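In what follows, a structure is listed as structure tokens, so that the remarks can point back to it.
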Amino acid sequence: MYYIRRGFVVQSPPMSVPPPIDEATAAFLRGPVSISVASRAAGNVPVLVRCSGCSVSQDRRRVTLYLARSKSAALIEAVRATRAAAAVFSLPSSHRSLQLKGSDAAIGVPAPRDSEVFARYVEAFAAEIDPLGHSVEMVRALLWIDPEDLATLAFTPIAAFTQTPGPGAGAPLRPAAP
Amino acid sequence: MIALDAIRDCLEGVIPATVATCAADGTPNVSQVSQVHYVDGAHVALSFQFFNKTRENILANPRAAAAVIDPVTGAQYLLALEYLRTETEGPLFERMKAKLAGIASHTGMAGVFRLRGADVYRVLELERVPGRERPGTLRRNLLAALRACSERLSRCTDLGRLLDELLACLDEEFGIRHAMLLVPDGAGTRLYTVASRGYPASGVGSEIPLGCGVIGVAARERTPIRISHMTLDYAYGQAMRERAAAEGLADKLETMIPLPGLADSRSQLAVPVAAEGRLLGVLYVESAQEMRFSYDDEDALVALATQTGMVARLLQEAAEGQDEAPAAARAAPPGGAPLTIRHYAADGSVFIGDDYLIKGVAGAIFCKLLRDYAREQRTDFTNRELRLDPSIRLPDVSDNLEARLILLSRRLAERCEFLRIEKTGRGRLRLAVARPFKLVEVPA
């Protein structure tokens, strides 16, 4: 595993190295943000899926995204083959955007708690974009996943970039203070 | 594969699209993109606004994936793409720049979103992501409206009627209530309004510079320009005021006739009218409703504009073909106090009393008619003799004289009850004078 910090690449970060996302960022990731995840298929071809929510582990070292198996066959195959993942999180009302990258992504089965996180996310996201003129029905059509179809994609973020439109887009996010 | 034009509702920028790429070393990257623009049945263009990882990746590895969403149904589509090139100017660039200006102001990002380039991609695959989308809205079939308009336009026998019929068609068949038609002046640096519909004042004779607002950009780039949200970037008022201030008196004259237009215009579409590779005019429509005009509306109006251009050319040729000497009609001199009509050599402007009427070539035509009338009470004229008259100085042989005559006759109808220009046949016209006048030539 690699950990990138201020341009240096460090093998297997010790636990003393802070996670690249701080508590405020973790709250942002758990919020009503639009989420998409990409990986790499054979031939260095990108694959892309829209996700329905995110949870962040207590130590902020692992993020878990929710997706529909029925919509994600190519991505699941790519993640299993390469373990590479990049996820973008964007808050529609402010355009604040963030990208996380990982190289240890794994597809999993949701725990009971995950279903609740997912369901809360769909409602929160619908409320977030309601003022922008989008109907709740449209959001549910886009994001709803049947329980038996729900899968998780978890990875350890090794790099984070701000992608809010503007001159700072693409800059690495400063790691949180220890 | 799903036809790309079947998902154009997803390509209006309502919900931001997502694009994924891979670096040369295989690291994936994913980001949002403001605009995935429909180019043609096999290509899309993505808005390139910032130098970022996406940009770096596609230059190294041209494969990309994009996800777009139907804002009504929630249906999602995935596009497998291959990057081809970036355009930094020209029709596609200007179409996307205008559209982005609307998206930016709608989403509070005016001043932040700036188009650096249109990244053109080939669409390799297009698939629908399985899901339970809600039903779409039922919309009228624009082909039926287009057909009805096309039949109506084909029956027009003179240019004035054709222009009015086009605007009536848009109103009655498409429900587009506010529209105008502008034609370029001889030098091609300005456009002037010859017909409008749906405004309190017709604005006939009002002018805009080439390149100004959606109309001016559509004329300059010869491409449709469509905006779906209110944006100051393409507002006319500001640009016109700045220009008038910068250029002084001559240009103040041009702003004496206000351009008709909705104060709360939220959707705008300008479509060039061309024939034989020449710009004949611009058809402009607008609405106070956001997202009023879709890709389909744009297609329909381009088809109508094309037909209008062809019919206009045929009518012009037919009008110029008339070579008979006009009947030697002599008018009985009218009674009443004479009107003073001034023609200023400095800028070619014509004033009736203190009221500004017209300037330029149309003004020169008007003065020729008045002089001939004053000299020999002559009232009947042909387009052909006007074209050949050295005092009028038509800019070139293919100049749309008929459009200038329409402008002149409409300005007279609006501004003067004693002088009228009537069509008496194809390529022929009559000056009707109901009061004596005195033409004063004011030297420069």
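Read-outs: derived from the displayed coordinates by stated rules, not from any lab. As the structure is a prediction and not an experimental result, all values here were calculated from the model. With ideal geometry, Cβ positions are generated from the backbone for all residues, glycine too; neighbour counts draw on all protein chains shown.
For the pair A:Ser70 and B:Glu151, label points projected 7 Å from Cα toward Cβ lie 4.6 nm apart.
When chain B is treated as a GNM with alpha-carbon contacts under 10 Å, the residue of B:Val204, B:Val271, B:Val19 showing the greatest mean-square fluctuation is B:Val19. For chain B, the longest principal axis of the Cα atoms and the long axis of helix B:295-321 meet at an angle of about 30 degrees.
Take the Cα of B:Glu290, step 7 Å toward its Cβ, do the same at B:Met1, and the gap between the two points is 3.3 nm.
Over chain B, with a Gaussian network built from C-alpha contacts below 10 Å, which listed residue (B:Ala42, B:Ala270, B:Ala118) shows the highest mean-square fluctuation? In the Gaussian network model the winner is B:Ala42.
Here the Kirkwood formula puts the hydrodynamic radius of region B:65-133 at 13.9 Å, using every distinct Cα pair.
By the Cβ distance rule (another cysteine Cβ under 4.7 Å), the unpaired cysteines of the protein assembly as shown are A:Cys51, A:Cys54, B:Cys10, B:Cys22, B:Cys156, B:Cys212, B:Cys367, B:Cys416. Calculated FRET efficiency, B:Arg177 to B:Ala318, Cβ-Cβ distance, R0 = 22 Å: about 0.10 to the nearest 0.05.
For the pair B:Leu388 and B:Asp354, a Förster radius of 35 Å applied to the C-beta separation gives a FRET efficiency near 0.55, rounded to the nearest 0.05.
For GluC sites (Glu not before Pro), the sites in region B:369-422 that DSSP calls loop and that have at most 13 other Cβ atoms within 10 Å are B:Glu417. Shown is the FRET efficiency for B:Ala345 and B:Phe418, computed with R0 = 22 Å from the Cβ-Cβ distance and rounded to the nearest 0.05: 0.40.
The Rg/Rh ratio of region A:55-116, with both radii computed over alpha carbons and Rh defined as the Kirkwood radius, is 0.98. Summed over qualifying helices (DSSP H, 4 residues or more, each -39500 (n - 2.57)) and divided by its residue number, the protein assembly as shown shows a 222 nm mean residue ellipticity of -9500 deg cm²/dmol.
Each Cα pair of the protein assembly as shown feeds into the Kirkwood radius, which the Stokes-Einstein equation turns, at 25 °C and 0.890 mPa s, into a diffusion coefficient of 89 µm²/s.
Based on alpha-carbon atoms, the Kirkwood radius and the radius of gyration of region B:10-81 give Rg/Rh equal to 0.97. Sequentially through region B:150-158, phi angles give Karplus couplings (6.51, -1.76, 1.60; θ = phi - 60°) of 4, 5, 5, 5, 5, 8, 6, 10, 9 Hz, Gly and Pro residues having no value and appearing as x.
A crude spin-label estimate for the pair A:Arg96 and B:Ala303, with each label 7 Å from Cα along the Cβ direction, gives 4.8 nm.
Once you have all Cα-Cα distances for chain B, histogram them in 20 Å bins from zero and send the whole-percent values. Going from the shortest bin to the longest, the percentages are 23, 48, 22, 6, 0. Using a Gaussian network model of chain B in which every pair of alpha carbons under 10 angstrom is joined by a spring, one finds that among B:Pro272, B:Pro184, B:Pro16 the greatest mean-square fluctuation is at B:Pro16.
Taking chymotrypsin sites (Phe, Trp or Tyr not before Pro) across region B:1-102, the ones in a DSSP loop with at most 15 further Cβ atoms lying within 10 angstrom of their Cβ are B:Phe51. For region B:339-442, the equivalent ellipsoid derived from the alpha-carbon gyration tensor has semi-axes of 19, 16, 13 Å in decreasing order. Here, region B:4-129 is characterised by an Rg to Rh ratio of 0.94, where Rg is the alpha-carbon radius of gyration and Rh the Kirkwood radius.
Counting every alpha-carbon pair across region A:25-162, the share separated by more than 28 Å comes to 11%. Length gained on full extension, B:Arg278 to B:Glu89, computed as 0.36 nm times the residue gap minus the Cα-Cα distance: 66.0 nm.
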